[in-house]
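Okay, so here's the structure we're looking at.
The values are calculated or read from the model by the stated rules, or taken from the named source; none is laboratory data. Being a predicted model, the structure only gives us computed values, none of them experimental. With ideal geometry, Cβ positions are generated from the backbone for all residues, glycine too; neighbour counts draw on all protein chains shown. In case anyone asks, the SASA skips ligands and DNA or RNA and just uses the protein heavy atoms, side chains included. Shrake-Rupley method; radii C 1.70, N 1.55, O 1.52, S 1.80 Å.
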Protein chains: 4
Amino acid sequence: MPVRIGVIGVGVMGGEHARLLAHEVSGSEVVAVFDVDPQRAGQVAAATGARSHDDPMVLVKDEQVDAVVVASSDPTHEQFVLAALAAAKPVLCEKPLAPDVAGCGRILDAEVELGRRLVSVGFMRRYDQGYRALKDVLDGGRVGRAVMLHCTHRNASIAPGLDSSALISGSAVHEIDIARWLLDEELTAVTVHTPRRGAGATGTQDPLFLVFESASGVLVDVEVFGNAGYGYEVRAELVADHGTVSLDSPPPTALRSDGGVARVVPADWRGRFAEAYRRELQDWVASVEAGTLPGTASAWDGYVATEVAQVGIRALETGQRQTLELREKPALYA
Amino acid sequence: MPVRIGVIGVGVMGGEHARLLAHEVSGSEVVAVFDVDPQRAGQVAAATGARSHDDPMVLVKDEQVDAVVVASSDPTHEQFVLAALAAAKPVLCEKPLAPDVAGCGRILDAEVELGRRLVSVGFMRRYDQGYRALKDVLDGGRVGRAVMLHCTHRNASIAPGLDSSALISGSAVHEIDIARWLLDEELTAVTVHTPRRGAGATGTQDPLFLVFESASGVLVDVEVFGNAGYGYEVRAELVADHGTVSLDSPPPTALRSDGGVARVVPADWRGRFAEAYRRELQDWVASVEAGTLPGTASAWDGYVATEVAQVGIRALETGQRQTLELREKPALYA
Amino acid sequence: MPVRIGVIGVGVMGGEHARLLAHEVSGSEVVAVFDVDPQRAGQVAAATGARSHDDPMVLVKDEQVDAVVVASSDPTHEQFVLAALAAAKPVLCEKPLAPDVAGCGRILDAEVELGRRLVSVGFMRRYDQGYRALKDVLDGGRVGRAVMLHCTHRNASIAPGLDSSALISGSAVHEIDIARWLLDEELTAVTVHTPRRGAGATGTQDPLFLVFESASGVLVDVEVFGNAGYGYEVRAELVADHGTVSLDSPPPTALRSDGGVARVVPADWRGRFAEAYRRELQDWVASVEAGTLPGTASAWDGYVATEVAQVGIRALETGQRQTLELREKPALYA
Amino acid sequence: MPVRIGVIGVGVMGGEHARLLAHEVSGSEVVAVFDVDPQRAGQVAAATGARSHDDPMVLVKDEQVDAVVVASSDPTHEQFVLAALAAAKPVLCEKPLAPDVAGCGRILDAEVELGRRLVSVGFMRRYDQGYRALKDVLDGGRVGRAVMLHCTHRNASIAPGLDSSALISGSAVHEIDIARWLLDEELTAVTVHTPRRGAGATGTQDPLFLVFESASGVLVDVEVFGNAGYGYEVRAELVADHGTVSLDSPPPTALRSDGGVARVVPADWRGRFAEAYRRELQDWVASVEAGTLPGTASAWDGYVATEVAQVGIRALETGQRQTLELREKPALYA
């Protein structure tokens, strides 16, 4: 029997999740969708064969719904995840788990109280073939221990209203999660350097250059450039004792024309991580079906990502290196 | 309701198809499998939740089976495809459709007689993101019309018993199909050049260098090297009026170690085309469900591939350029 | 004491040679120049501190001239090289040594008669760092013996008047020489395939696709495209028993802009082979000074290049594979 | 008449300079050499046709010597440069101009006093084709103004005795100079981050991660890794308003073997910057001959490099961001 899924929030992200779950993922069907825009909800419902709900809380409790995907606006994540936990249903929540540490804490408390891990956070890079290959080389011991991780995260442009803190909590938070996953340890401090503003920066500090320190002393530097102009690009180079592994994910073809040989840079994250999203959903659905733990980021990972991002914002605002202290890690996430 | 699929032949290729259809493709389930090795059939049946049949002809007619995948040994393809046509069921047959032109002809006749297109041939490269990108550039007019297509097709090694004709009918046949698909026209002549044998060639002429001519005069040259030693690699460069597009599908990461910066070359076709196989099956299942035509190669494409490969073998054996004449194309494939 | 050089022909090529010999090569000075255009000769003379001659034959015999560079129009090469031999002076002649086999033969005869090797032919690719690296890998035995050599030779555009034979004698002749040098053996046969014409081809067959066979059976295929449109590009891939070496000479930087990451393709051969020309001249000057043999192509190499190119033109004109027979190799070139 | 050059210090670096000046640079000859090791001096003298001196101060004053190259041990640079200034002879001094700011200051004072620029400092990267291309793109305005510059500087290994400050004054000093040259402005502050030590680090902090700030606010980050293990590599990416330019200087060939496609990373700086050294020397010799200013780094550039490196060392030692104040720039260097 397919896993019956309800999707809360079917904008760009949630709509694509619904499409994948209905048409590209094995073992799932979309039975219910909700969106603050009822028309959009109706369209996605029609395209996926789902029913459109007008109350997300009812959707979560619906007996026809086995598991929930949360892709609504950031501030609403907490309540839906808590509702899913209350209904004892698996939930895959887009990042952030919650925008504030307190909200993440309440989710952790609820899940620990329940005693079962039901919450996944949508840090899809963990399913990217490139990051997997990078981790395989590191874990295989071929280049020794990690020493540094250089990261680049560029968007062609971001919404004009976004301020610098959004570059950390919305963009660099992906590097925060992937660095923890790659290195298999926590980040403990962060310094933010602020270069001159790029021409595309609209009234905010853009780009940022963040330097994180891990528990074992690995330095993780991250360029986050929201208005890089030329396209969307995520790159990394892991520097280790005896060698390095770099991730650049070149597209499969090169074009020779007009005096140059060129490869396309994608316009945004959708093309770049389309396959990672599908793999993430497939793994999650299979694990829900089998009653096992998926390879997704956990509620603990979601909490830490928010915590580190908040400390990064403090480092930006104060201009000072900030250290961070995590709450005690519950045994549930060992 | 999922499409219920029967798989005939569950060796390396058919077994992977069964796994994908059961666990990675949306809308399908594997309900029946057959293999000449009953133990292997049993294992795949257990892993996919299917029933193991002991008669493939019964499997094709089974009312529980909506559609059939044929991945058995080459000489057996024809009978199973004809049986599927007789049962009016969609069938996806691994290449070759049939090893000989006469067999392909009988399938064409049967499908034309039936008056509906039910046969797909598993030329999975049509679903590779790289070839798609290459075709998009060509079709978009950005570099003008095609003039030449340089192709490289290398295996680390092939089975010792294979002779040179197998390099054409088993390997270069992929380039034959993809060239027709990219250029959207037929190949009309072929010359085979034979270089000295590589050290890995075991009693046969390996590599081969084939030069095809298309109806409009495009030259398609193909290096087929069965024992290239270092890995599996498929590359192409399309040369057009004003530029070229090259396909090399680099892996996402590069390793710096021991005095070099390197990218992995896959050991065989499975890694290289894993995603193409999944997309092919997904498209086929969706089209079966919707009752529409998939983007797969048709019985006509399967027939032409075998015809061109056979003429290539004749060119190899005679040392002379050979021209070819196709049978008239039935209106069903217009 | 510097080697005093006279340069005959100071157009684009000879003018650059004069500049290099005067300002970038150690141990040489340009003392005399001649050109059919006296004004051009005067300008180059002024820029290099040389004297402008009005008779090239007098220049060759001039006691102030130790060695001669010939970069005049192709049909005049022979007479100047013969004059240099008559004067027993080292001469570096731009390719072709002579446009016809008979002319090359007369030079061979004269040099053999003299009994000393004084003639160099300007196949500068032998000094390109990329081809050197390629040859080093092959000679080092790392990939086994050569099996095939795939070559690409494209110009952005060529002079409208040039016909197809010039693509062979003027362009592919570089691949003829470099293949002989890389493989250290002679070419013995050639077939020419003619694709449809590119849009840039003005009244001639362009591109051509040549397939040479070497004495040991290595296949050397060459795409020569005179009006490739997008730039000047020379590439090669040597396929050997256990691996391949490819030459693409990427420029040192990559530009990310406008949705792509790109490397520049040079507009013509000058940028691509500037360093090879300098190294060739430096090696030649040093050998003249030391009285040793330089690493340049010899008169024998120049003769063979013309011979093979002529047979290639015959293959183009007849549409048939042509074999070739070289004259006996004089002991002087052993 | 060739420029007659005396070389002080003919170890690895000075010996190569002598070789280039004698055999690869137009317009120069080496007439005198000195080394603390008389045997080494004798060998280089023999190979270049020079005389071996036993007193470097006499060498500088020797009437046969038109210009001086200083490649002796760092602490001796100052005295030889001052002697050359006293003798009013052009001098090309390897970096550092002097290891301490005071020494650099005395050279500046002497040159200003003399009123003519005679001092060049051997920051050879300014002559690297890659850095030139990078600067051309920036200066051409194609990508807007610079915002960040990411630099990587790795050696396979460094001498065991070297401490961390040598990573700044000996290695990162190249990035200090090239950043000033590329950006055409001064650096004003520096922070040093210290990751865990790599396995190759012998009793010292290696690698270092430095973050410089320029006057206009460009961030320049530099990874300096003395014992990176796998080879010598210098890379950079200039991030600008609308795009980036990255420098990686790939070698001309790629090797396919053993499951990978690889390009060689040079073992040390000699291979990587061989051509830059030659160009630097050629430009310097030509300018000496013509009595014009070369494109080399000036005494002012040498002073600033030492000043910034010293402040970097202070930042490393204190763990604090350090700002820096340069002395007033004499009009001579405007």
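If you take the residues in segment B:165-179 that are under 15 Å from the mean Cα position of the chain (by Cα) and of a type in the set (S, T, N, Q), which one is most open to solvent (accessible area, probe 1.4 Å)?
Among them, the one singled out is B:S169.
Mind checking which pairs have a first residue in segment A:196-223 that is more than 19 Å from A:V173 (Cβ to Cβ) and a second that is part of a loop (DSSP other than H, G, I, E, B) and among the small types (G, A, S), Cβ under 7 Å, 6 or more apart or different chains?
Pairs found: A:R196/D:S216; A:R196/D:G217; A:A199/D:G144; A:G200/A:S157; A:G200/A:G229.
Criterion first (at pLDDT below 95 and of a type outside the set (S, T, N, Q)) does D:G170 satisfy it?
Values: at pLDDT below 95: no; of a type outside the set (S, T, N, Q): yes.
The answer is no for D:G170.
Among the listed residues C:I168, C:I178, C:I158, which satisfies the condition of being away from every other protein chain (no Cβ under 14 Å) and either outside any loop (DSSP other than H, G, I, E, B) or within 21 Å of D:T253 (Cβ to Cβ) (or both)?
On the way: C:I178 fails: away from every other protein chain (no Cβ under 14 Å); C:I158 fails: either outside any loop (DSSP other than H, G, I, E, B) or within 21 Å of D:T253 (Cβ to Cβ) (or both).
Sole residue among the options that is away from every other protein chain (no Cβ under 14 Å) and either outside any loop (DSSP other than H, G, I, E, B) or within 21 Å of D:T253 (Cβ to Cβ) (or both): C:I168.
Look at D:R278 and say whether it is touching a Ser or Thr at 6+ places or on another chain (Cβ under 9 Å), among the basic types (K, R) and in contact (Cβ under 8 Å) with a residue 40 or more places away in the chain. Walk me through how you get there before you give the answer.
Working: touching a Ser or Thr at 6+ places or on another chain (Cβ under 9 Å): no; among the basic types (K, R): yes; in contact (Cβ under 8 Å) with a residue 40 or more places away in the chain: yes.
Considered against the rule, which asks whether it is touching a Ser or Thr at 6+ places or on another chain (Cβ under 9 Å), among the basic types (K, R) and in contact (Cβ under 8 Å) with a residue 40 or more places away in the chain, D:R278 comes out as no.
Among the residues of segment A:217-231, is there at least one that is over 20 Å from D:M148 (Cβ atoms), in a loop (DSSP other than H, G, I, E, B) and either of a type outside the set (D, E, K, R) or more than 8 Å from chain D (Cβ to nearest Cβ) (or both)? Show your work before the answer.
We begin by selecting, within segment A:217-231, every residue over 20 Å from D:M148 (Cβ atoms); these are A:217-218.
So of that shortlist, the ones also in a loop (DSSP other than H, G, I, E, B) come out as A:217-218.
Keeping just the survivors that are either of a type outside the set (D, E, K, R) or more than 8 Å from chain D (Cβ to nearest Cβ) (or both) gives A:217-218.
Within segment A:217-231, one or more residues are over 20 Å from D:M148 (Cβ atoms), in a loop (DSSP other than H, G, I, E, B) and either of a type outside the set (D, E, K, R) or more than 8 Å from chain D (Cβ to nearest Cβ) (or both).
Search segment C:181-190 for residues being assigned to a strand (DSSP E or B) and touching a helix residue (DSSP H, G or I) at 6+ places or on another chain (Cβ under 6 Å), and hand back the single one that is farthest from the other protein chains (Cβ to nearest Cβ). Let's see the steps before the verdict.
Start the filter on segment C:181-190 by keeping residues that are assigned to a strand (DSSP E or B), which leaves C:187-190.
Filter again for touching a helix residue (DSSP H, G or I) at 6+ places or on another chain (Cβ under 6 Å), leaving C:187, C:190.
Numbers: C:L187: 13, C:V190: 11 Å.
Looking at residues that are assigned to a strand (DSSP E or B) and touching a helix residue (DSSP H, G or I) at 6+ places or on another chain (Cβ under 6 Å), I get C:L187.
Select from segment A:33-42 the residues that are under 12 Å from A:G14 (Cβ atoms) and of a type outside the set (K, R) and list them in ascending order.
Residues of segment A:33-42 under 12 Å from A:G14 (Cβ atoms): A:33-37, A:40-41.
Result: A:V33, A:F34, A:D35, A:V36, A:D37, A:A41.
Cβ-Cβ below 7 Å, separation at least six or inter-chain, first residue in segment D:310-325 and outside any loop (DSSP other than H, G, I, E, B), second charged (D, E, K, R): which pairs?
Correct list of pairs: D:A315/D:R321; D:Q322/D:R314.
Report, by residue number, each residue of segment A:232-251 that is facing chain B (nearest Cβ under 9 Å) and over 26 Å from the mean Cα position of the chain (by Cα).
A:H242, A:G243
If you check D:Q39, D:Q43, which single one turns out to be among the polar types (S, T, N, Q) and over 24 Å from C:V285 (Cα atoms)?
Numbers: D:Q43 fails: over 24 Å from C:V285 (Cα atoms).
Just one listed residue meets the conditions, D:Q39.
How about segment B:202-214: which of its residues are in a loop (DSSP other than H, G, I, E, B) and touching a helix residue (DSSP H, G or I) at 6+ places or on another chain (Cβ under 9 Å)? Give the steps one after another, and end with the answer.
Applying the first criterion (in a loop (DSSP other than H, G, I, E, B)) to segment B:202-214 yields B:202-207.
Result: B:T204, B:Q205, B:D206, B:P207.
I need a count of the residues in segment C:1-30 that are surrounded by 24 or more Cβ atoms within 10 Å (Cβ to Cβ), more than 14 Å from chain D (Cβ to nearest Cβ) and not small (G, A, S).
Total satisfying the criteria: 3.
Confirm whether A:R321 is out of contact with any Pro (no Cβ under 6 Å at 6 or more places or on another chain) and open to solvent by 40 Å² or more (accessible area, probe 1.4 Å). Please lay out each step first, then the result.
Values: out of contact with any Pro (no Cβ under 6 Å at 6 or more places or on another chain): yes; open to solvent by 40 Å² or more (accessible area, probe 1.4 Å): yes.
Yes.
Kindly evaluate D:G231 against the criterion of being in contact (Cβ under 8 Å) with a residue 40 or more places away in the chain and under 30 Å from C:V143 (Cβ atoms). First the steps, then the outcome.
Numbers: in contact (Cβ under 8 Å) with a residue 40 or more places away in the chain: yes; under 30 Å from C:V143 (Cβ atoms): yes.
Answer is yes for this residue.
Considering segment D:224-251 alone, what residues qualify as being under 19 Å from A:A262 (Cβ atoms) and open to solvent by 40 Å² or more (accessible area, probe 1.4 Å)? Talk me through it step by step, then tell me what you get.
So in segment D:224-251, the residues under 19 Å from A:A262 (Cβ atoms) come out as D:237-240, D:242-250.
The answer is D:H242, D:D248.
Counting only residues that are open to solvent by 40 Å² or more (accessible area, probe 1.4 Å), part of a loop (DSSP other than H, G, I, E, B) and not acidic (D, E), which one in segment A:252-294 is farthest from the other protein chains (Cβ to nearest Cβ)?
That would be A:L293.
Got a sec? Which of C:L162, C:L149 is buried (at least 23 other Cβ atoms within 10 Å of the Cβ) and among the aliphatic types (A, V, I, L, M)?
Numbers: C:L162 fails: buried (at least 23 other Cβ atoms within 10 Å of the Cβ).
Being buried (at least 23 other Cβ atoms within 10 Å of the Cβ) and among the aliphatic types (A, V, I, L, M) holds for just one of C:L162, C:L149, which is C:L149.
Restricting to segment C:100-126, name every residue that is closer than 18 Å to C:V288 by Cβ and in a helix (DSSP H, G or I).
C:E111, C:L114, C:M124, C:R126
Among the residues of segment C:108-118, is there at least one that is of a type in the set (A, V, I, L, M, F, W, C), within 26 Å of C:L20 (Cα to Cα) and open to solvent by 10 Å² or more (accessible area, probe 1.4 Å)? Let's see the steps before the verdict.
Narrowing segment C:108-118 to residues of a type in the set (A, V, I, L, M, F, W, C): C:108, C:110, C:112, C:114, C:118.
Cutting the leftovers down to within 26 Å of C:L20 (Cα to Cα) gives us C:118.
This time we only want the ones that are open to solvent by 10 Å² or more (accessible area, probe 1.4 Å), so: C:118.
Looking for residues that are of a type in the set (A, V, I, L, M, F, W, C), within 26 Å of C:L20 (Cα to Cα) and open to solvent by 10 Å² or more (accessible area, probe 1.4 Å), one finds at least one in segment C:108-118, hence yes.
Among the residues of segment C:261-269, are any more than 30 Å from D:G243 (Cα to Cα) and touching a residue at least 24 places away in the same chain (Cβ under 8 Å)?
Applying the first criterion (more than 30 Å from D:G243 (Cα to Cα)) to segment C:261-269 yields none.
Scanning segment C:261-269 turns up no residue that is more than 30 Å from D:G243 (Cα to Cα) and touching a residue at least 24 places away in the same chain (Cβ under 8 Å).
Pick out the one residue from B:D74, B:D139 that is without any contact (Cβ under 8 Å) to a residue 12 or more places away in the chain and surrounded by fewer than 18 Cβ atoms within 10 Å (Cβ to Cβ).
Numbers: B:D74 fails: without any contact (Cβ under 8 Å) to a residue 12 or more places away in the chain.
Selected residue: B:D139, the only one of B:D74, B:D139 that is without any contact (Cβ under 8 Å) to a residue 12 or more places away in the chain and surrounded by fewer than 18 Cβ atoms within 10 Å (Cβ to Cβ).
Out of A:A41, A:A83, I need the residue that is crowded, with 24+ Cβ neighbours inside 10 Å, over 24 Å from A:R272 (Cβ atoms) and in contact (Cβ under 8 Å) with a residue 24 or more places away in the chain. Which one? Don't jump to the end; show me each part of the working.
Values: A:A83 fails: crowded, with 24+ Cβ neighbours inside 10 Å.
Just one listed residue meets the conditions, A:A41.
Checking C:R197 against (1) among the basic types (K, R); (2) open to solvent by 30 Å² or more (accessible area, probe 1.4 Å); (3) under 26 Å from C:Q129 (Cβ atoms), only one condition comes out false. Which one?
Failing condition for C:R197: (3).
Could you please let me know if A:L332 is more than 10 Å from every other protein chain (Cβ to nearest Cβ), outside any helix (DSSP H, G or I), touching a residue at least 40 places away in the same chain (Cβ under 8 Å) and open to solvent by 10 Å² or more (accessible area, probe 1.4 Å)? Break it down stepwise before answering.
On the way: more than 10 Å from every other protein chain (Cβ to nearest Cβ): yes; outside any helix (DSSP H, G or I): no; touching a residue at least 40 places away in the same chain (Cβ under 8 Å): yes; open to solvent by 10 Å² or more (accessible area, probe 1.4 Å): yes.
Answer is no for this residue.
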